[in-house]
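Q: The structure that follows is given in the form of structure tokens.
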Amino acid sequence: MKKNVAVLMGGYSSEYEISMKSGEVVYNNLDSNLYNPFKIVITKDKWFYLDNKNREFNVSKNDFSLIIENKKIKFDVAFIVIHGSPGEDGVLQSYFESIGMPYTGCDPKTSAITFNKRDCILILKKLKIPTANSIYLNYGENIDEKKIIKEIGIPCFVKANKSGSSYGVYKVNKKNELLPSINNSFKIDTEILIESFLDGTEVSVGVMNYKKNIKVFGITELITENDFFDYEAKYKGKSNEITPANISNVQKNNVTRLAKKIYKKLGIKGLSRSEFIFVGDTPYFLELNSIPGLTNESIFPKQVKINGISLRELFTDIIKQAIE
């Protein structure tokens, strides 16, 4: 009997539209011989099933079910494709655990850690993972510009702590840009981090436990037309993504080992994408996405393709892991 799969898309964050596109990719590539897919859109105001005629049907939050033409439909598994909150921060994962519903990806604790850049970096530093120097600020806290410049230097990056797709991320090239960047980043999140600038080759590494083997799907070199790999570079063609990355064998081996180590140590499940910058042959960790973009422009699907694996095969394996 086919499994009913709820493909969750949307969310509460500025990544809503990207999530909708990612969700469409998952919906369109599920194996129709094995699954009945349902588009489930999550917003702050409502949860609803969106059918092929764009009709909306309310989803009950009590047991995560819906009623269509007087028939109650229950789901066998939730495929979470929501970038940002509540998909990557552990909120939906906690909800599904409370009602006993299998779901794809990380558990609530791991989701919360990886979504919080500060907490993730602090944990990885203890594991001797190289990272940039950083300072953390909370909204309302005194901002000592001289201290920041002394400890972090210029140029540097100001980042919203819990945000994706480079929303609330600013590169500071001059001293007079620091405070405006901090204020702009605080418009996205009440917590920010300021990181030293690392000058080197940036790469994105796709990792997943595929068929019970932790596998690096690809190492993609990120070359942007902009000042850094921002939203326009990621989604509006302002970048050149080279897979496999033009790096040495030493660099490839180092980042492969490190990406797998991070995946294991943080207890990641399902697919993930982690970002690094090379300083010499050493990869410095930047951040990890536990629900990376799956749009046609996204990096992870392209890495999957070069491995000769179809998205249908990939998503089937993800669902099987969730149900087991």
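Q: If you scan the range 288-305, which residues turn out to be out of contact with any strand residue (DSSP E or B) (no Cβ under 6 Å at 6 or more places or on another chain) and not acidic (Asp, Glu)?
A: 291, 293, 294, 295, 296, 298, 301, 302, 305
Q: While we're on this one: I'd like the full set of residues that are among the hydroxyl-bearing types (Ser, Thr, Tyr), part of a helix (DSSP H, G or I) and within 21 Å of residue 323 (Cα to Cα), limited to the range 10-40.
A: Correct list: 27 only.
Q: Which of the residues belonging to the range 3-41 are within 19 Å of residue 89 (Cα to Cα) and either surrounded by fewer than 22 Cβ atoms within 10 Å (Cβ to Cβ) or touching a Lys or Arg at 6+ places or on another chain (Cβ under 8 Å) (or both)?
A: Answer for the range 3-41, where residues must be within 19 Å of residue 89 (Cα to Cα) and either surrounded by fewer than 22 Cβ atoms within 10 Å (Cβ to Cβ) or touching a Lys or Arg at 6+ places or on another chain (Cβ under 8 Å) (or both): 7, 9, 12, 14, 16, 17, 20, 23, 41.
Q: Pairs, please: C-beta under 8 Å, at least 6 apart or cross-chain, first residue farther than 15 Å from residue 130 by Cβ and in contact (Cβ under 8 Å) with a residue 40 or more places away in the chain and in the range 252-271, second in a helix (DSSP H, G or I) and of a type in the set (Gly, Ala, Ser)?
A: Between residues of the range 252-271 that are farther than 15 Å from residue 130 by Cβ and in contact (Cβ under 8 Å) with a residue 40 or more places away in the chain and residues that are in a helix (DSSP H, G or I) and of a type in the set (Gly, Ala, Ser), the close pairs are 270/322.
Results for (1) under 28 Å from residue 21 (Cβ atoms); (2) of a type outside the set (A, V, I, L, M, F, W, C); (3) part of a loop (DSSP other than H, G, I, E, B), shown as yes or no for each residue.
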| site | (1), (2), (3) |
| --- | --- |
| 148 | no, no, no |
| 158 | yes, no, no |
| 179 | no, no, no |
| 184 | yes, yes, no |
| 195 | no, yes, no |
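Q: Could you check, for the range 22-43, whether at least one of its residues is touching a His at 6+ places or on another chain (Cβ under 8 Å) and under 20 Å from residue 115 (Cα atoms)?
A: Yes.
Q: Here's another thing I want to ask about it. So, in the range 136-173, of the ones that are surrounded by fewer than 16 Cβ atoms within 10 Å (Cβ to Cβ) and among the aliphatic types (A, V, I, L, M), which residue ends up farthest from residue 283 (Cα to Cα)?
A: In this case the residue turns out to be 143.
Q: Look through the range 242-276, keep the residues that are surrounded by 21 or more Cβ atoms within 10 Å (Cβ to Cβ) and β-branched (Val, Ile, Thr), and return whichever of them is farthest from residue 221 (Cα to Cα).
A: Here the residue is 268.
Q: Which ones in the range 260-313 are out of contact with any Asp or Glu (no Cβ under 9 Å at 6 or more places or on another chain), of a type in the set (A, V, I, L, M), over 19 Å from residue 8 (Cβ atoms) and part of a helix (DSSP H, G or I)?
A: 262, 306 - these are the residues of the range 260-313 that are out of contact with any Asp or Glu (no Cβ under 9 Å at 6 or more places or on another chain), of a type in the set (A, V, I, L, M), over 19 Å from residue 8 (Cβ atoms) and part of a helix (DSSP H, G or I).
Q: Return the residue satisfying two criteria in turn: it lies in the range 182-229 and is among the small types (Gly, Ala, Ser) and within 21 Å of the chain's Cα centre (by Cα), and of such residues it is modelled with the lowest pLDDT.
A: Residue satisfying both the conditions and the ranking: 185.
The values are calculated or read from the model by the stated rules, or taken from the named source; none is laboratory data. Quick caveat, the model's predicted, so the values are computed rather than measured. So basically every Cβ, Gly included, is an ideal-geometry build from the backbone, and we count neighbours across all protein chains shown.
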